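Asks: Sharing a structure here in structure tokens format.
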Amino acid sequence: MSALRPKYITFDCYGTLTRFRMGEMAREIFADRVPAERMDQFVKDFSAYRFDEVLGTWKPYAEVLAAAVERSCRKYRIDFTPAEARSFYDAVPGWGPHPDVAEPLKRVAKEFPLVILSNASDDQIHSNVAKLEAPFHAVFTAQQAQAYKPRLQAFEYMIGQLGCNPEDLLHVSSSPRYDLLSANDIGIRDKVLVARGHEPNIPFWGYHEISDIGGLPGLLGL
């Protein structure tokens, strides 16, 4: 297989590069209200509500999380408090990268411009990006695009800001649902799934698969 040679390598941030801790936090916060035998399903439902909340017109991510927490609590008939929902939002800037990220990312950054397209708000993302330790050419958020992934508007915004064509990109994500299916639809030919076990693999969509970011340099011939 010949090495991939994109103009830009674009990344999802949370889950792919930054260790995403929403599920862990939900287990901690609701341990006293959700029975242990139902907690796995509660976490899945919370994830599903977050996805549903980003499909419409853009609204601040704090509101996305508040609505997802409230809907989860309503389904399980447990108390909801806005302060608990806000704690999810406030925790995000403190999250650091997966242990496999920093070194290969810095190696790749020597040869290719790196870009992030994230569903975060502007006041969250820069702290997380700094913890990745690698230089980024650009960081785009849903707040800037006024649309969340998986909406194509988010990808259109990024492509427009970069002044390139979809086929110029290599998009890297651990989520087929949020990223890779939409990337395919927008015309990004080269895609990479970082198989962190967040979602089922869907090989039909034609992406390369790596187990962690350590596999990325090899796809690029580095």
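Asks: Just the C-alpha atoms of region 1-41: what Rg/Rh do they give, with Rh taken as the Kirkwood radius?
Replies: 1.34
Asks: Over what distance in Å are the Cα centres of region 4-18 and region 150-171 separated?
Replies: Centre-to-centre (Cα) distance: 12 Å.
Asks: Sticking with this structure for a sec: State, to one decimal in nm, how far the label point of Gln153 lies from the label point of Glu209, with both points 7 Å from Cα in the Cβ direction.
Replies: 3.4
Asks: Another question, if that's okay. Determine, for each peptide in 10-19, 104-113, the mean count of other beta carbons within 10 angstrom over its residues, then list the peptides with the highest first.
Replies: Working: 10-19: 24.2, 104-113: 16.4.
Ranking the peptides 10-19, 104-113 by packing returns 10-19, 104-113.
Asks: Here's something else I'd like to know. Quick query: amide H of Ser118 versus all other amide H atoms, modeled in the peptide plane; which residues come in under 5 Å with a sequence gap of 5 or more or a different chain?
Replies: Sorted by chain and number, the residues that satisfy this are Phe140, Thr141, Ala142.
Asks: Any chance you could get the radius of gyration and Dmax over the Cα atoms of the chain, in Å?
Replies: Cα only, the chain: 17.4, 55 Å (Rg, Dmax).
Asks: Still on this structure, I have one more. Using only alpha carbon pairs under 8 Å that are at least six residues apart, calculate the relative contact order of region 78-222 and give it in whole percent.
Replies: The normalised contact order for region 78-222 reaches 19 percent.
Asks: Something else: For the chain, please report how many Lys pairs fall under 16 Å Cα to Cα, leaving out neighbours fewer than 8 apart on the same chain.
Replies: Lysine pairs meeting the criterion: 6.
Asks: Also: Distances longer than 20 Å among the Cα atoms of region 22-93: what percent of all pairs is that?
Replies: 21
Asks: Would you work out the relative contact order for region 22-93, in percent, from Cα pairs under 8 angstrom that are 6 or more residues apart?
Replies: 31
Asks: While we're on this one: With N residues in region 137-222, what two-decimal value do you get for its Cα radius of gyration over 2.2 N^0.38 Å?
Replies: 1.07
Where a number appears in this text, it was derived from the coordinates with a stated rule and is not lab data. Owing to the predicted nature of the structure, the values given are computational and were not obtained by experimental measurement. Here the Cβ is made from the backbone with ideal geometry for all residues, glycine too, and neighbour counts use every protein chain on show.
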